[in-house]
């Protein structure tokens with residue numbers, strides 16, 4: 001396969017989408033899509049989150065040192081798009097109806113509709129040029145009761161039905177195409 005070179009840019013970062021939940025100063029919830037998100041492990045699982053510019057979510061995380069990461073499934077894409085295209089710095093994001101509760105381990109808002117939610121506490125903040133990288137310990141994971149029998153070592157993404165973000169576009173998971181070690185039977 002022939003390859004070409006291209007300048008590194010943020011244009012290709014496909015990944016599952018999460019709505020980041022934070023608590024405003026007046027104890028109201030704030031949700032925002034942040035797509036610069038990854039996972040790490042250091043004495044326990046961590047979530048890495050980068051937020052650039054000025055955002056209410058970043059202000060809240062820096063003040064509270066905690067947040068939730070709510071996996072977006074296809075049935076909630078319109079709510080996610082609303083939260084991702086409105087700003088919490090101008091007014092409370094409440095033009096669409098949504099239901100939430102507070103986390104079990106951290107005082108962070110959890111979207112009731114999300115099937116998979118991380119409750120996180122910030123371990124370290126790294127200030128970059130125009131952005132902040134938050135390294136956060138995953139304190140608790142809440143999953144929808146319908147998933148309790150799922151093998152957590154072989155998570156079924158078709159059941160989670162996550163939305164995949166590739167800049168300015170949303171995609172869904174089509175089907176499982178294989179598993180670890182199956183290459184042996186393909187030889």
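The values are calculated or read from the model by the stated rules, or taken from the named source; none is laboratory data. Nothing here was measured: the structure is a model prediction, and the numbers come from that model. Here the Cβ is made from the backbone with ideal geometry for all residues, glycine too, and neighbour counts use every protein chain on show.
So for the range 4-12 (the condition being surrounded by 10 or more Cβ atoms within 10 Å (Cβ to Cβ) and modelled with pLDDT under 95), does at least one residue qualify? Yes: one or more hits.
Against the test of being touching a strand residue (DSSP E or B) at 6+ places or on another chain (Cβ under 8 Å), crowded, with 17+ Cβ neighbours inside 10 Å and in a loop (DSSP other than H, G, I, E, B), the options 114, 68 yield a single qualifying residue, 114.
Residue 28 - would you say it is more than 15 Å from residue 120 (Cβ to Cβ), out of contact with any strand residue (DSSP E or B) (no Cβ under 7 Å at 6 or more places or on another chain) and modelled with pLDDT of 95 or more? No: the conditions fail for residue 28.
Do we have residue 44 as touching a strand residue (DSSP E or B) at 6+ places or on another chain (Cβ under 8 Å) and surrounded by fewer than 11 Cβ atoms within 10 Å (Cβ to Cβ) here? It is true that residue 44 is touching a strand residue (DSSP E or B) at 6+ places or on another chain (Cβ under 8 Å) and surrounded by fewer than 11 Cβ atoms within 10 Å (Cβ to Cβ).
Being in contact with a helix residue (DSSP H, G or I) (Cβ under 8 Å, 6 or more places away or on another chain), at pLDDT 90 or above and closer than 22 Å to residue 159 by Cβ is true of residue 71.
Considering only the range 154-162, I want to know if a residue exists there that is under 20 Å from residue 72 (Cα atoms) and touching a helix residue (DSSP H, G or I) at 6+ places or on another chain (Cβ under 7 Å). Yes; the residues of the range 154-162 include at least one that is under 20 Å from residue 72 (Cα atoms) and touching a helix residue (DSSP H, G or I) at 6+ places or on another chain (Cβ under 7 Å). Suppose the filter is more than 20 Å from residue 160 (Cα to Cα) and loosely packed, with under 11 Cβ neighbours inside 10 Å; does residue 125 pass it? In short, no.
With respect to being farther than 19 Å from residue 17 by Cα, touching a residue at least 60 places away in the same chain (Cβ under 8 Å), surrounded by fewer than 17 Cβ atoms within 10 Å (Cβ to Cβ) and more than 13 Å from the chain's Cα centre (by Cα), residue 97 falls outside the description.
Residue-by-condition table, conditions (1) part of a loop (DSSP other than H, G, I, E, B); (2) more than 18 Å from residue 130 (Cα to Cα):
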{"position": "9", "(1), (2)": "yes, no"}
{"position": "19", "(1), (2)": "no, yes"}
{"position": "22", "(1), (2)": "no, yes"}
{"position": "31", "(1), (2)": "no, yes"}
{"position": "35", "(1), (2)": "yes, no"}
{"position": "38", "(1), (2)": "no, yes"}
{"position": "46", "(1), (2)": "no, yes"}
{"position": "49", "(1), (2)": "no, no"}
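Of all residues in the range 172-185, one or more are in contact with a helix residue (DSSP H, G or I) (Cβ under 6 Å, 6 or more places away or on another chain), over 23 Å from residue 30 (Cβ atoms), part of a strand (DSSP E or B) and touching a residue at least 60 places away in the same chain (Cβ under 8 Å). Within the range 147-167, the set of residues being over 17 Å from residue 19 (Cβ atoms) and part of a loop (DSSP other than H, G, I, E, B) comprises 148, 149, 150, 151, 152, 153, 154, 155, 156, 167.
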